[in-house]
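Scroll down for the structure; my scribbles are underneath it.
All of the numbers you see were taken from the coordinates with simple rules; none came from a lab. Remember, predicted model here, so these are calculated numbers, not experimental data. Ideal geometry is used to build each Cβ from the backbone, glycine not excepted, and the neighbour counts take in all protein chains shown.
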Amino acid sequence: MAAAADRLINRELSFLDYDARVLALAQDSDLPLLERVRFCSIFSQMLDEFFMTRIAGLSGQAAVGITARSPDGRTPQQALREARERVLELQAEQAQVWSRELLPVLAAEGIVISRVEELSEDERLELERRYARDIYPVLTPLAVGPGQPFPYISGLSISLSVFVRDPEDGEERFARVKVPEGLPRFLSVGEGDRFVPLEQVLSHFLPSLFPGMDVLERSVFRVTRDADFEVSDEADDLLEAVELELRRRRFGDITRVEVSGSMSSAMRERIQQGLRVADEVVYPIAGTLDLADVSELTKLDRPDLKVDDWIPVGRPPLALLDDPQQFAAIRAGDVLVHHPYDSFAASFESFVNTAASDPSVIALKSTVYRTSDDTPLVPALIDASENGKQSVCLVEIKARGDERRNIEWSRALEQAGVHVVYGFSSLKIHCKTTLVVRRESGVLRRYVHLGTGNYNNVTAKAYEDFGIFTADEDIAADVADLFNYLTGFGRPAHFRKLLVAPFTLRQRLIEEIRDVADAARDGRKARIRIKVNGLTHTEVVDELYAASKAGARIDLLVRGVCSLRPGVTGLSEGIRVRSVLGRFLEHSRLFHFESGDRSRFYLGSADLMPRNLDHRVEVVAPVEDIGAQSELAATIDALLSDTASSWELDHDGAWHRIRPKKEDRPRSAQAVLMRRARRRVSLARSR
């Protein structure tokens, strides 16, 4: 294992390091208080996702006796043990951050999380009325006994576990009370910002659910289940197959049971027996369970405790033109947009809405991977269909967590006459592409939008992503061919400019890396700069190692999981890996290769992971406009210069936070990019 471990970092442990970096921001006293609370919430959300997917996968392998080693040399059993140890450490650290750092500072700012016993008499009476009116009617205590089996426990729901005893005959029972999910987790009481956790309210009023009984013990637990699923390649109806798997997923295997650290051993054993789980699945928590819900506090009207609001600006020239003129602007030259600095509404939304209503447009085609409830894309596709245009939507109904929403959207689209295609059972359609076909002076002209992020107007305000509008004939032809491949039957013969997975993307990127390596061997300029969310593809990692050994300079901006070890003598001295976090989620994927006088830029939807390069439909496009290239280069420069919320990966696999020199102020790349966006609009308006 030593040789493999020296070359590669374990994917699961790397993810937990990523989550640790998020938790570090919750501890950063330089950040506004509610921003720290938000990062505390994100840490828990990420850990939930980790257990629903990565731990679920490893547990499945271990359960059937698979002992094959991962690329870093670990068996599933070893990875599970090490991940458990790391999770226990991180959970303990989060509990300390919440109870000893955030709660006291929140209280000092007038935001108080109280126990029922700490309320005034008037506040307790108010709470009692609310309990009787809003909470008690939706509670269902489920006792376990003869004819009453241990109840089904849904994933990610908080439950009260109770031991009750009949004082007349001494009979004892275990019971479970589910904490209602349709109510706020933190109930506001009294005046000001005073809150009581919902599970504590239920615990206080438990006697009302077990009249005449003695409540011997009450505690809290929470279950996490496997949220991944596989759809058979032989599924005749993909929509029906996904719906069936969604129903099955409710009863997925249990991957984690969180229990209150104060729970008795007898109560814990009873829960384990009922759930049929082993000790290694149980995670004791000191203090409050499921701190993901503290995100509710970030919605308080306390601007003094938050970062200043950012309002995305309109991107010139698109935002300064009337709708039909946008096509002329794109025809005149590629237009790069950078969200959330540039407005999604004034760029992509305007583009598709214009296409839907413009009488010269004859076709509108787009992909949907993750989208919001009020997305403008789906109504635009419906309007296009109703206006007599060919309207096509590729819906990825297997997008984890968004399956139900995408199924609902697809049915609405079909009912409106939109041609809906669900893709393939074995390949997820992850590319972000939109194609508009327009008749101009008797000639058909195609316009394309290619992006790094989902067509989601909500996340476009919080996720950092690039998009490019182009009328390049080769790119437009490639996109048209790709849509025809995805809706029809056959394989694309070739792509002119696009790098498309699973066909050409991996090999083309490897060729670019090798070209830089050749330049380094020849003594010419040789540099690679890549920005992705994850880097785990061993073939790509090995090519980067080879380029480093050839003398290339390599900068990698990897937000999350990274299997590559930088700075290893004889292997990767020329590689630097950084991770930048911040108020916006760094989400774009950028690639920059320099070999001698040649400089190539690409952007797209793919991370450097096996699932993206080999098992999904992904699109990466060349950026050939000089102005757009300059902006991409400047963005990478800003991120590599960040000293406000960035980390660097050491050769031993440890991340250390980058701090400014004593005489310097922290430099935030995201703040720099916000200033540039404002300046760009000011300059455009002054012309």
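For the cross-link pairs 432/461; 365/432; 428/531, the ones whose C-alpha atoms lie over 19 Å apart are 428/531.
Site pair residue 82 and residue 140 shows an inter-label distance of 4.4 nm when each label is modelled 7 Å from Cα along Cα→Cβ.
Dipole orientation for the chain: of the candidates 4, 39, 57, 4 has the Cα lying most toward the positive pole (charges on Cβ; Lys, Arg +1; Asp, Glu -1).
A run of the chain free of exposed loop cleavage sites, with GluC sites (Glu not before Pro) counted only in DSSP states other than H, G, I, E and B and at most 12 other beta carbons within 10 Å, reaches its longest extent at 235-662. Averaging the sequence gap over all C-alpha pairs within less than 8 Å and six or more residues apart, then dividing by the number of residues, gives region 578-657 a relative contact order of 30 percent. Counted by Cβ distance under 11 Å from residue 649, the other residues give a net charge of 0, where Lys and Arg count +1 and Asp and Glu count -1.
About its Cα centre, the dipole of the chain is roughly 1880 debye, where the only charges are +1 on Lys and Arg Cβ and -1 on Asp and Glu Cβ. Please work out whether region 1-109 counts as rounded, prolate or oblate from its C-alpha gyration tensor, where a ≥ b ≥ c are the square roots of the eigenvalues and a/c under 1.5 means rounded, while otherwise a/b larger than b/c means prolate and anything else oblate? The shape class here is prolate. For region 318-493, the residue among 421, 462, 433 whose Cα projects farthest onto the positive side of the dipole built from Cβ charges is 421. Test of understanding: extend the Cα→C-beta vector of residue 215 to 7 Å, then name every residue of region 79-119 with backbone N under 18 Å from that spot. Residues passing the 18 Å test: 114-119.
Between residue 280 and residue 329, the modelled label-to-label distance comes to 5.8 nm, taking each label 7 Å out from Cα in the direction of the beta carbon. If R0 is 51 Å, the Cβ-Cβ spacing of residue 132 and residue 597 corresponds to a FRET efficiency of close to 0.10.
If only the Cβ of Lys and Arg carry +1 and only the Cβ of Asp and Glu carry -1, the dipole of region 15-119 around its Cα centre is close to 480 debye. When the Cα gyration tensor is reduced to axis lengths a ≥ b ≥ c, the ratio a/c is 1.5 or higher for the chain, and with a/b above b/c it is classed as prolate.
Scanning residues 5 or more positions from residue 225 or on other chains, those with amide H under 5 Å from its amide H are 156, 255, with H placed 1.01 Å from N in the peptide plane. Once C-alpha pairs closer than 8 Å and six or more residues apart are averaged by separation and normalised to the residue number of the chain, the relative contact order reads 11 percent.
Report the label-to-label distance for residue 183 and residue 264 in nanometres (one decimal), using points 7 Å from each Cα along the Cα→Cβ vector. Distance between the two pseudo-spin positions: 2.6 nm.
Normalised by the number of residues in region 1-109, the average gap of Cα pairs under 8 Å and 6 or more apart makes the relative contact order 36 percent. For region 437-447, backbone phi angles converted through the Karplus equation (6.51, -1.76, 1.60; θ = phi - 60°) give residue-by-residue couplings of 10, 10, 8, 10, 6, x, 10, 7, 10, 10, 10 Hz, Gly and Pro being listed as x. Which of rounded, prolate or oblate describes region 318-493 when judged by the alpha-carbon gyration tensor and an a/c cut-off of 1.5? Verdict is rounded for region 318-493.
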